[in-house]
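**Student:** Structure below; questions to follow.
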Amino acid sequence: MKISASFLTIDNIDNVNKLVNCDIDYLHLDIMDGIFVNNKNEVLDVPHIKPLDIHLMVSDVYKYIDKYKTLNPLYITFHYETGVDILSVINYIKKFNIKVGLSIKPSTKVEEIIPYLPYLDLVLVMSVEPGKGGQTFIMDSINKIKKLKELKGNYVIEVDGGINDSTIKYVSDADIVVVGSYITSGNYEERIKNLKEKIYG
């Protein structure tokens, strides 16, 4: 299991740099437009030491793909619930040699995205409502992760929301965990070490 660290709750670049230099696998960028979710932010100046894992919580998907593809991310993930033509967006992202992820909210069933699974590199299970850090892990997310693993696609399974040293045991079937406030609310290195001890024993 790999750790993708979110800096949604970090408010200065020095601490972002400190996080990037920790023992993490990816840097997770949460991008919000104030429409698809209530909050809004822009992140265009980030260190490129670690692979970027970009999560678009936006309605105008193409606009933000065009904006953030310039960062050369490893993944760009967008939401199933946007109402866009899913396959068209998948093909658009792949055109830039960027791996594509599809995210589902807590209320969306895995069965709804089964037709798109063969085309995806990543599936992101939101284990909280998207758009705000520091929420409590939703236990039903465990079943979604198990279902995605049973379907045996060529995608990695990522889970985002409410992950800490207590809840990480529930998501052992995931390939990537997104962790934000648990890491950034304490000593970054110690918190990451705690997570890795839970993952690897």
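The values are calculated or read from the model by the stated rules, or taken from the named source; none is laboratory data. Note that this is a predicted model, so its numbers are computed, not measured. Note that each Cβ is placed from the backbone with ideal geometry, even for glycine, and that neighbours are counted across all protein chains shown.
**Student:** For L122, all conditions in the list (1) within 25 Å of L19 (Cβ to Cβ); (2) in contact with a helix residue (DSSP H, G or I) (Cβ under 9 Å, 6 or more places away or on another chain); (3) crowded, with 18+ Cβ neighbours inside 10 Å hold save one; what is the number of the exception?
**Tutor:** (2)
**Student:** Residues that are modelled with pLDDT of 95 or more, of a type in the set (D, E) and surrounded by 15 or more Cβ atoms within 10 Å (Cβ to Cβ): list the strands (runs of 3 or more DSSP E) wholly contained in region 1-111 that include at least 3 such residues.
**Tutor:** Where strands (runs of 3 or more DSSP E) fall fully within region 1-111, none carries at least 3 residues being modelled with pLDDT of 95 or more, of a type in the set (D, E) and surrounded by 15 or more Cβ atoms within 10 Å (Cβ to Cβ).
**Student:** What single numbered condition from (1) touching a residue at least 40 places away in the same chain (Cβ under 8 Å); (2) in a loop (DSSP other than H, G, I, E, B); (3) among the aliphatic types (A, V, I, L, M) fails to hold for V128?
**Tutor:** (1)
**Student:** When only residues in region 136-147 that are in a loop (DSSP other than H, G, I, E, B) and more than 15 Å from the chain's Cα centre (by Cα) count, which is nearest to V179 (Cα to Cα)? Working first, answer last.
**Tutor:** In the first step, residues of region 136-147 are kept if they are in a loop (DSSP other than H, G, I, E, B); the result is 136-140.
After this cut, where a residue has to be more than 15 Å from the chain's Cα centre (by Cα) as well, the list is 136, 138-140.
Values: T136: 12, I138: 15, M139: 16, D140: 18 Å.
That would be T136.
**Student:** Would you say T167 is at pLDDT 95 or above, over 26 Å from D85 (Cβ atoms) and not basic (K, R)?
**Tutor:** yes
**Student:** Moving on. All but one of (1) of a type in the set (D, E); (2) closer than 18 Å to S59 by Cα; (3) over 17 Å from the mean Cα position of the chain (by Cα) hold for E129; state the number of the condition that does not hold.
**Tutor:** (3)
**Student:** Taking region 142-201 as the search range and keeping residues that are among the acidic types (D, E) and touching a residue at least 60 places away in the same chain (Cβ under 8 Å), which one is farthest from F78 (Cα to Cα)?
**Tutor:** Ranking the qualifying residues of region 142-201, first place goes to E189.
**Student:** So which residues in region 141-161 are more than 25 Å from S88 (Cα to Cα) and modelled with pLDDT under 95?
**Tutor:** Hit for region 141-161 is G161, nothing else.
**Student:** Of these, G180, G153, which one is touching a helix residue (DSSP H, G or I) at 6+ places or on another chain (Cβ under 8 Å) and crowded, with 16+ Cβ neighbours inside 10 Å?
**Tutor:** Details: G180 fails: touching a helix residue (DSSP H, G or I) at 6+ places or on another chain (Cβ under 8 Å).
The match here is G153.
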